[in-house]
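Since the structure comes first, as structure tokens, the remarks are kept for the end.
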Amino acid sequence: MSLLDDFLIRAALAAVGVALAAAPLGCFVVWRRMAYFGDATSHAAILGVALSLALSLPIFAGALAVALIMAVAITMLSQRGHAMDTLLGVMAHSALAVGLVAVSFLDGVRIDLMAYLFGEILAVSRLDLLVIWTGAALVLALLSWRWSALLTATLNTDLAHAAGVNPAREQAVLTLALALVVAVAIKVVGVLLIAALLIIPAATARPLATTPERMAVAAAAIGALSGLAGLGLSYHYDTPAGPTIVCVAAGLFLLSTLLRGRLMTRG
Amino acid sequence: MTQSKDTTLTRITDLGVQFGDAPVLRNISLTLRAGEITTVVGPNGSGKSTLLRCLIGAQRPDRGEISHAPGLRIGYVPQKLHIDPTLPLTVARFLSLPSRVSAAAAREALDRAGAGDLYGRQMARLSGGQFQRVLLARALLSRPHLLILDEATQGLDQPGAAAFYQRIEQVRAELGCAVLMVSHDLHVVMAASDRVICLNGHICCEGAPEQVAQAEEYRALFGTGTQGALALYRHDHNHRHDHDHVHGPGCAHDHDHDHPHDHEAAE
């Protein structure tokens with residue numbers, strides 16, 4: 001029994017770590033309407049996984065590097081006047097496709113692609129936990145350090161300039177944080193579902209919050225709850241862990257949306 | 001910074017900006033003095049907003065320079081500010097971005113901007129006029145020496161705009177700040193100004209409102225219909241009439257004042 005408890009506890013710790021970092025960052029993704037940005041960055045990470053395996057690097061390093069390159073490329077191209085949604089559509093799917101093709105070229109390395117697409121939270125090791133919690137702590141530290149400046153830049157770039165905040169720098173902070181979250185979350189929820197952990201808790205928290213800070217805290221709590229409940233359900237019903245976590249988050253979103261409707265009709 | 005009349009707050013020397021190959025501003029030289037209300041008028045695409053963005057540091061000029069008096073505090077009211085409905089933000093929290101202000105300071109600024117009752121309201125639920133007053137309050141928080149407004153009355157009806165400009169004059173009287181604004185509401189805004197600058201890529205003409213309204217360059221840009229309207233909205237306040245009406249160098253218009261103009265007939 002103790003062995004069993006152990007891997008479940010590791011999985012729970014991993015899910016909570018990812019949720020705590022992803023949810024507040026997800027608030028910015030929602031506020032700035034960059035949902036597809038998260039998608040594109042995470043899809044690119046599969047290419048990072050392929051490169052890591054080919055070069056015998058840690059998965060985390062390859063995923064982080066490619067996610068970062070992707071995020072920077074998108075930011076630069078969008079500043080040159082390409083339409084953002086088209087650009088992201090092109091980049092996200094191309095990166096995923098190139099990654100999948102690149103994986104097929106790897107000789108002698110047998111990898112379970114499904115593990116990277118949908119996560120493999122039950123196989124999280126102590127080292128993975130260290131990586132996840134270090135990454136999450138970095139992201140949270142970065143966000144709380146830049147919080148006010150990030151919010152100001154999110155409101156309006158000219159207003160930010162007038163207040164002495166450089167919007168380009170704040171955008172870079174968000175890009176870096178996003179790449180970090182993607183890299184640490186790959187093992188837990190996988191490439192296809194990372195964006196869900198960013199966006200769904202934030203969207204769920206919105207009707208419950210009156211200030212940005214409360215929304216971020218509520219999102220983190222909702223994300224952590226989804227992680228724990230999703231793991232429990234997945235263990236109990238023998239369903240895939242990553243998708244089950246996202247299903248719980250989606251259920252909570254539905255609840256909060258209905259609750260909002262009730263509050264509105266009553267008020 | 002000590003302030004008296006005729007203290008130079010900001011000096012713009014031979015400013016030039018171009019986007020790609022297209023020149024947006026050229027040969028702009030301008031001095032802003034303490035306590036003076038200056039209005040920039042010009043057709044769409046004449047570089048008005050670009051000029052303001054240069055002043056707040058959001059746009060880097062390609063030529064020339066802008067020198068601010070040491071310690072100059074600028075309050076900026078942006079043209080429009082879209083706050084995404086996914087971002088929960090009270091008026092109080094908005095005023096504390098990016099740096100915290102005390103509740104007392106926030107309430108004082110709101111009172112001064114005529115928005116005293118909006119302290120706890122959600123930004124996304126404000127009407128156009130309320131929103132504009134909150135933006136003004138935010139700009140007043142730092143007790144600016146120079147208040148810059150970019151099309152601040154867009155979306156307000158004419159009485160709303162007139163009331164807003166009266167509020168600006170009152171703020172100027174109370175705080176002694178200089179005001180620089182850009183507007184389409186030619187008639188209303190000009191009546192409230194000490195000095196009007198007619199901009200169309202370069203400074204076509206400048207001077208007291210009456211002088212500019214008579215200037216051929218101005219009438220070439222806006223037609224003669226504005227004259228009567230200007231008189232209609234004229235209200236009493238202390239003007240300084242010691243400005244000279246100066247033609248900008250390189251002005252593209254016909255300078256023969258006796259010459260009958262075709263565009264007047266076309267009005």
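Filtering region B:51-66 down to residues that are away from chain A (no Cβ under 11 Å) and not in a loop (DSSP other than H, G, I, E, B), which residue is surrounded by the most Cβ atoms within 10 Å (Cβ to Cβ)?
Of everything passing the filter in region B:51-66, B:Leu51 is surrounded by the most Cβ atoms within 10 Å (Cβ to Cβ).
Hey, can you tell me all the residues within region B:46-63 that are free of Cβ contacts under 8 Å to residues at least 12 places away in the same chain and in contact with a Gly (Cβ under 9 Å, 6 or more places away or on another chain)?
Residue satisfying the conditions is B:Gly57 alone.
In region B:31-44, what residues are open to solvent by 10 Å² or more (accessible area, probe 1.4 Å) and in contact (Cβ under 8 Å) with a residue 12 or more places away in the chain?
Taking region B:31-44 and keeping what is open to solvent by 10 Å² or more (accessible area, probe 1.4 Å), we get B:31, B:33, B:43-44.
Answer for region B:31-44, where residues must be open to solvent by 10 Å² or more (accessible area, probe 1.4 Å) and in contact (Cβ under 8 Å) with a residue 12 or more places away in the chain: B:Thr31, B:Arg33, B:Pro43.
Search region B:221-249 for residues being open to solvent by less than 40 Å² (accessible area, probe 1.4 Å) and touching a helix residue (DSSP H, G or I) at 6+ places or on another chain (Cβ under 6 Å), and hand back the single one that is modelled with the lowest pLDDT.
B:Ala229
Restricting attention to region B:64-84, which residues are polar (S, T, N, Q) and within 30 Å of B:Arg125 (Cβ to Cβ)? It would help to see each step written out before you state the result.
Quick first cut of region B:64-84, residues polar (S, T, N, Q) only: B:67, B:79.
Of everything in region B:64-84, just one residue is polar (S, T, N, Q) and within 30 Å of B:Arg125 (Cβ to Cβ), namely B:Gln79.
Only one of these conditions is not met by B:Asp6: (1) modelled with pLDDT under 85; (2) among the acidic types (Asp, Glu); (3) open to solvent by less than 30 Å² (accessible area, probe 1.4 Å). Which number is it?
All conditions are met except number (3).
Going through region A:169-178 one residue at a time, which ones are within 16 Å of A:Ser78 (Cβ to Cβ) and at pLDDT 90 or above? Break it down stepwise before answering.
Residues of region A:169-178 within 16 Å of A:Ser78 (Cβ to Cβ): A:170-172, A:174-175, A:178.
Result: A:Glu170, A:Leu174, A:Leu178.
Here's the yes/no breakdown for (1) modelled with pLDDT under 90; (2) out of contact with any helix residue (DSSP H, G or I) (no Cβ under 9 Å at 6 or more places or on another chain); (3) open to solvent by 20 Å² or more (accessible area, probe 1.4 Å):
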site: A:Ser2; (1), (2), (3): yes, yes, yes
site: A:Leu8; (1), (2), (3): yes, no, yes
site: A:Val16; (1), (2), (3): no, no, yes
site: A:Val29; (1), (2), (3): no, no, no
site: A:Ala40; (1), (2), (3): yes, no, no
site: A:Ala44; (1), (2), (3): yes, no, no
site: A:Ser78; (1), (2), (3): yes, no, yes
site: A:Gly81; (1), (2), (3): yes, yes, yes
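The values are calculated or read from the model by the stated rules, or taken from the named source; none is laboratory data. Values in this document were obtained by computation on a predicted structure and should not be read as measured data. When we count neighbours, we look across all protein chains shown, and the Cβ atoms used for this are built from the backbone with ideal geometry, even at glycine. Calculation scope for accessible area: heavy atoms of the full protein, side chains included, ligands and nucleic acids excluded. Shrake-Rupley method; radii C 1.70, N 1.55, O 1.52, S 1.80 Å.
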